[in-house]
Amino acid sequence: MDDVEQGEQTQDGQAVEAARPAARAAGKRRRRRALKITGGIVAVAVVALAFALRKPSPVGHWNSAESRADFMAAYDKAMANMPRAAETIDVRTDFGFVRAYRYQGAADRAEPLVLLPGRASASPVWADNLPHLLKIGDVYTIDLLGEPGKSVQEAPITSGTDQAAWLDQVLAHLPEESFHVVGLSIGGWTAANLAVHKPRHVATLTLLDPVYTFSNIPAGTAIRAIPASVPWLPKSWRDSFNSYTAGGAPVQDVPVADMIEAGMKNYTLHLPQPTLIGEEPLRRLRMPVLAILAGESVMHDAAASRKVAERVLQNGTVKVYPNASHAINGEHPDEVASDIAAFLDAT
């Protein structure tokens, strides 16, 4: 832990969607009561222009000591809404330290769940989900390496192979042999990428509205992401984009949303641009895969993604939540947990 603390301390550091038809008004009101951020909101903040506006560096880093402190205050506030972790684990990998939390579940299931968050969201994005998922079994949450959070990147990550390598090393360090890996947004891409390159610890795969997995991000969303990815632009620009990805829901004064905005503002990413995984690698997957897609997601074409998933997954189950936005985990935490439980019981 001394190495982790030293590593952390020495780092360099759009609007609301157009009004919906009256038939959907009730659904929209329900969304406004739910957690509206998934972390995938900045999945396209790695577009080339955004990177051109950031400082070159071999690894992700905080922009200043003050930037790190600002994010950590928001992180801790959001983390207060999580259940108490049974254990905090820091795993050294070839690319840096990775922060994981273990939560004790109510059921005695041999393989625990491993939850991978979206970009810039870290473990607290699962606050609404954990009470439901812990009924399934033990749960690990992981702060993605190279992202704002408690993980500390120390070496360049330059490819999808590198992305799979550090995560495989984390799973190898944990006491269990295999895991039910659940990924949200860019975490879904990370989970699928792991299964493609290093599947040895992956018992099953659950992808929650994953980006760059079954179809690409729409050009309109990528364009809208550009100003949101520039840290010196006003907070309102980032809030506007975050709301856009969450079906027009308000994001002000939501702890997880505040944490994500702080990450977007204060942390400089240095990760390879994710690319579409492709149909052939997905077709080669042999573990059971559950894909849950948001019908109103702006982060991919849900209809196209469904067709690809149903066509290429050899052992796949595909579900679409018609009225869900990309904030699917916060809008439907009980339904997501129920579908995951049924999926695991059937495997």
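Quick notes
- Residue count for segment 145-169 satisfying the condition of being touching a strand residue (DSSP E or B) at 6+ places or on another chain (Cβ under 6 Å) and either assigned to a strand (DSSP E or B) or small (G, A, S) (or both): 4.
- Of all residues in segment 282-294, one or more are more than 23 Å from A341 (Cβ to Cβ), modelled with pLDDT of 90 or more and crowded, with 20+ Cβ neighbours inside 10 Å.
- Count of segment 297-323 residues, restricted to those that are out of contact with any strand residue (DSSP E or B) (no Cβ under 9 Å at 6 or more places or on another chain) and either buried (at least 18 other Cβ atoms within 10 Å of the Cβ) or at positive phi (or both), is 5.
- When residues in segment 148-165 are screened for being surrounded by fewer than 24 Cβ atoms within 10 Å (Cβ to Cβ) and either under 23 Å from A85 (Cα atoms) or of a type in the set (A, V, I, L, M, F, W, C) (or both), 5 of them pass.
- Pairs where the first residue, in segment 76-98, is more than 25 Å from G60 (Cα to Cα) and the second is surrounded by fewer than 20 Cβ atoms within 10 Å (Cβ to Cβ), C-beta under 8 Å, 6+ apart: A80/P255; N81/P255; P83/P131; P83/L134; A85/R102; A86/R102; A86/Q104; E87/R102
- Verdict on K235 being surrounded by fewer than 24 Cβ atoms within 10 Å (Cβ to Cβ) and modelled with pLDDT under 95: yes
- Pairs with Cβ under 7 Å, 6+ apart, first in segment 330-347 and under 18 Å from S121 (Cβ atoms), second part of a helix (DSSP H, G or I) and among the polar types (S, T, N, Q): V336/N329
- Residues that are buried (at least 18 other Cβ atoms within 10 Å of the Cβ) and over 20 Å from the mean Cα position of the chain (by Cα), drawn from segment 324-347: F343, L344
- Filtered by the rule that a residue be touching an Asp or Glu at 6+ places or on another chain (Cβ under 9 Å) and not in a strand (DSSP E or B), segment 96-107 gives Q104, G105, A107.
- So T204, is it assigned to a strand (DSSP E or B) and either of a type in the set (F, W, Y) or modelled with pLDDT of 95 or more (or both): yes
- Matching residues, segment 54-93, being buried (at least 17 other Cβ atoms within 10 Å of the Cβ), in a strand (DSSP E or B) and of a type in the set (S, T, Y): T93
The values are calculated or read from the model by the stated rules, or taken from the named source; none is laboratory data. Being a predicted model, the structure only gives us computed values, none of them experimental. So basically every Cβ, Gly included, is an ideal-geometry build from the backbone, and we count neighbours across all protein chains shown.
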